[in-house]
Amino acid sequence: MSFSDPLHLLIKSLNKNEIIYFKRYAKKQTNNYLKLFDAVAKQKQEYDEERILKKFAKEKFSKQLHVTKNRLLHSILKSLQDYHYNISFQSGLKNTLRSVEILFNKGLYDTCSKLLSKAKKDIHVYEDETDSLFLEIIEWERKLLIKQIKDKSKIQRALIDLEIQEEEVFNKYINARKYRFLVDKIFLINYTKGVDIDKKSQKLMDQYAKDPLLGSEKNALSFIAKIYYNNFFEIYYSLKKDTLSGIKYAKRKVELIEDHPEILRIRPSVYLDALDNLRILYTRHKNYREVFSVLNKIKLFPEKTIHIKVWKFVHSTIPEISTHSSIGEFQKASVLALGINKEIKDYEGQIDSGRLMFIYILMAYTFFGSANYKVALKWTNKILNEPNIGWREDLMNYAKLLNLILHFEIGNHDLLESVIKSSVRFFENKKSSYHFELSFIELLKEMREQNGEVRFITSMKNLKEAMIKNSSKGSISISQDNLELLLGWLESKIENKPFAEAIKEKQELEQH
């Protein structure tokens, strides 16, 4: 058995439309490809070559299965290139240049000029990553000058004009690259250190911010350079926890793109990512009115490709549920969550495992908040039973705690004993300190044994106060997500009110 067979991984990554396209494509080739494709596609978590060999023992291609597998893999890649051809802006430009070469060799120079003129107009829209193609267009225009213009003086003037254009492309390219390097540097700090950066990283990013290029947006010579400029400060102020300043630059980035509507056609992901970053900052600032406003913009964006459909599901549908849940509107969130299962199946292979695990946790939390504990438990079990979740320790920790609370709320007292023992072992075996998690589990254990809650109000208050006190000092080791879950549940028990009400009141207090 293999967990990393390239063919198996590629086939499992295909969406429904890509599979349909490949099967049509493969019919023009050997039928062995389709047979092998279907057999591999049926294998779920891992690839089992012994089963494949057994299934096709009578087929000639099984004698050299590795050869057929390799050819099938390249056939799938070729079909994907064809399928995604019109989705990629750069692929479209490359196709245009291939057509220009064919037309030029046939002597159809006027048609070449028209194609190049159209390509040149489009390429100005998004300067970065297309500079080499722009230079290729200029090169073809040089060749056409000799074929089309008979007046030598006109040729000379045209060549000088092309030389000026070429120099402008180089200058913009170098300028944009310098901005991109600055963004890469500060992004690396964010990626490696997270949101809580140390003093050394703080000093380093302050040093980056003093770069003369970052003195003004006017220093950015192109659209993409301006995007990088604002992107740098969006990350910079986010790391400094100056959310309002971060929002200012995130909004400017969105405005820049909206001032270039052609970007929405050529590079929709640039706009959607900018909106998503703005939404995240509004969420951190707890400006939920603006969060829903941004989400509405995302929802209204046309779904022309499967990629955009999946993106909108992950960055619009899921955040909408998350936002309603975070402000205590669990009933609204659970209504939106009811159809999630079908969409997850529809987009199988299109959502990475880390994101998928987050969705499972969100669904569990949403149904927990609406007091639909049995449904919440089903989603929690998806996390706990996931074999490859080990690398997301934060999600597993959260799932363990929520699982405990759910069993307690349902009244599974017999099963709760084994769940408590398992959870204690889980947290005690970790290298990090999980003092508050273990204290909470011990409290639940005592409450289960005494079969009551009222007599433990004092213990709950003491644990809650200890968490809040240590959190305000910045010395608490518990994660923010775990902290909010436990504090919210403890508050609901202390005040004898639904969890949703406790969360809603907390959010209202924080916003005033």
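The values are calculated or read from the model by the stated rules, or taken from the named source; none is laboratory data. Computed from a predicted structure; not experimentally measured. Note that each Cβ is placed from the backbone with ideal geometry, even for glycine, and that neighbours are counted across all protein chains shown. Heads up: the accessible areas ignore ligands, DNA and RNA and are worked out on the full protein's heavy atoms, side chains in. Shrake-Rupley method; radii C 1.70, N 1.55, O 1.52, S 1.80 Å.
Quick one: plug the Kirkwood hydrodynamic radius of region 233-306 (C-alpha pairs) into Stokes-Einstein at 10 °C, 1.306 mPa s, and report D in µm²/s.
Details: Rh = 12.7 Å.
In µm²/s, the coefficient is 125.
Over the chain, calculate the relative contact order: mean separation of alpha carbon pairs under 8 Å at least 6 apart, over the residue count, as a percent.
Working: 428 pairs, mean separation 44.2, N = 512.
Once normalised by length, the contact order is 9 percent.
Considering only protein heavy atoms, what per residue accessible area in square angstrom results for the chain with a 1.4 angstrom probe? Before the final figure, lay out each step's value.
Details: 28190 Å² over 512 residues.
Per residue, the chain has 55 Å² of solvent-accessible surface.
Given the Cα-Cα distance of residue 53 and residue 418 and 0.36 nm per residue of separation, how much length would full extension add, in nm?
Values: separation 365, 0.36 × 365 = 131.40 nm, distance 4.31 nm.
Extra length from residue 53 to residue 418 when fully extended: 127.1 nm.
Set Lys and Arg Cβ to +1 and Asp and Glu Cβ to -1, take the dipole of the chain about its Cα centre, and tell me which of 300, 107, 436 lies farthest positive.
Towards the positive end, the residue furthest out is 107.
Quick one: pull the percent of accessible area on the chain belonging to carbon and sulfur, 1.4 Å probe, ligands and nucleic acids left out. It would help to have the intermediate numbers written out before the result.
Details: 14260 of 28190 Å².
Looking at the chain in its full context, I get 51 percent from C and S.
Obtain the nm distance between the two label points defined at residue 285 and residue 12 by a simple spin-label model: each point lies 7 Å from its Cα along the Cα-to-C-beta direction.
It works out to 4.2 nm between the two label points.
If the only charges are +1 at each Lys and Arg Cβ and -1 at each Asp and Glu Cβ, what is the size of the charge dipole of region 238-310 around the Cα centre, to the nearest 20 debye? The partial results should precede the final answer.
Details: 16 positive and 9 negative charges, 58 e Å.
I would put it at about 280 debye.
Could you point to the residue in 340, 287, 325 farthest towards the positive end of region 278-341's charge dipole, with +1 and -1 charges on the Cβ of Lys/Arg and Asp/Glu respectively?
287
Quick one: Debye curve from the C-alpha atoms of region 196-341, no solvent, what's log10 I(q)/I(0) at q = 0.10 Å⁻¹?
The Cα Debye sum returns log10 ratios of -0.41.
Kindly provide the helix-only [θ] at 222 nm of the chain, computed as the sum of -39,500 (n - 2.57) over DSSP H runs of four or more divided by all residues, to the nearest 500 deg cm²/dmol? Could you put the intermediate results ahead of the total?
On the way: 27 runs with 384 residues, N = 512.
Estimated from H runs of four or more residues: -24500 deg cm²/dmol.
Using the Cα atoms as the points, what is the convex hull volume per residue of the chain in Å³?
Working: hull volume 96.9 nm³, N = 512.
Spelled out: Cα convex hull of the chain, divided by residues, is 189 Å³.
If you stretched the chain out fully between residue 341 and residue 296, how much longer would it get, using 0.36 nm times the residue separation minus the C-alpha to C-alpha distance? Kindly include the intermediate steps, with their values, before the conclusion.
Details: separation 45, 0.36 × 45 = 16.20 nm, distance 2.21 nm.
Using 0.36 nm per residue and subtracting the Cα-Cα distance, I get 14.0 nm.
Considering the options 19, 426, 353, tell which one lies farthest towards the positive end of the dipole of the chain, charges being +1 on Lys and Arg and -1 on Asp and Glu at the Cβ, about the Cα centre.
The residue sitting farthest along the positive end of the dipole is 19.
So if I place +1 on the C-beta of Lys and Arg and -1 on the C-beta of Asp and Glu, and nothing else carries charge, what would the dipole magnitude of the chain be about its Cα centre? I want it in debye, nearest 20. Spell out each step's value before the answer.
On the way: 85 positive and 68 negative charges, 337 e Å.
Here the size comes out at about 1620 debye.
Just the accessible area for residue 168, please: 1.4 Å probe, Å², rounded to the nearest 10?
Rounded to the nearest 10, that gives 90 Å².
Can you pull the accessible area of residue 326 for me, 1.4 Å probe, Å² to the nearest 10?
That residue has around 40 Å² of solvent-accessible surface.
Can you tell me the dipole magnitude for region 294-389 around its Cα centre, using point charges on the Cβ only (Lys, Arg +1; Asp, Glu -1), in Debye to the nearest 20?
Working: 12 positive and 8 negative charges, 34 e Å.
Dipole size: approximately 160 debye.
Checking understanding here: applying a Kyte-Doolittle mean of at least 0.5 and a length along the axis of at least 20 Å (C-alpha), which whole DSSP H helices in the chain pass? Before the final figure, lay out each step's value.
On the way: long enough: 65-83 (26 Å, -0.27); 89-105 (25 Å, 0.04); 109-123 (21 Å, -0.65); 131-148 (25 Å, 0.00); 152-193 (61 Å, -0.43); 223-239 (25 Å, 0.42); 243-258 (22 Å, -0.24); 268-284 (25 Å, 0.03); 353-369 (24 Å, 1.25); 393-410 (26 Å, 0.48); 413-428 (22 Å, 0.10); 435-450 (23 Å, -0.41); 457-473 (24 Å, -0.64); 480-494 (21 Å, 0.00).
Long hydrophobic helices here: 353-369.
Please go through region 26-86 and write out the GluC sites (Glu not before Pro) that DSSP classes as loop and that have at most 14 other C-beta atoms within 10 Å.
Working: sites: 46, 49, 50, 59; in loops: 46, 59.
Passing sites in region 26-86 are 46, 59.
Mind listing which trypsin sites (Lys or Arg not before Pro) in region 10-114 are in a DSSP loop and have 15 or fewer other Cβ atoms within 10 Å? Let's see the in-between values first.
Working: sites: 12, 16, 23, 24, 27, 28, 35, 42, 44, 51, 54, 55, 58, 60, 63, 69, 71, 78, 94, 98, 106, 114; in loops: 27, 28, 44, 58, 106.
Filter output for region 10-114: 27, 28, 44, 58, 106.
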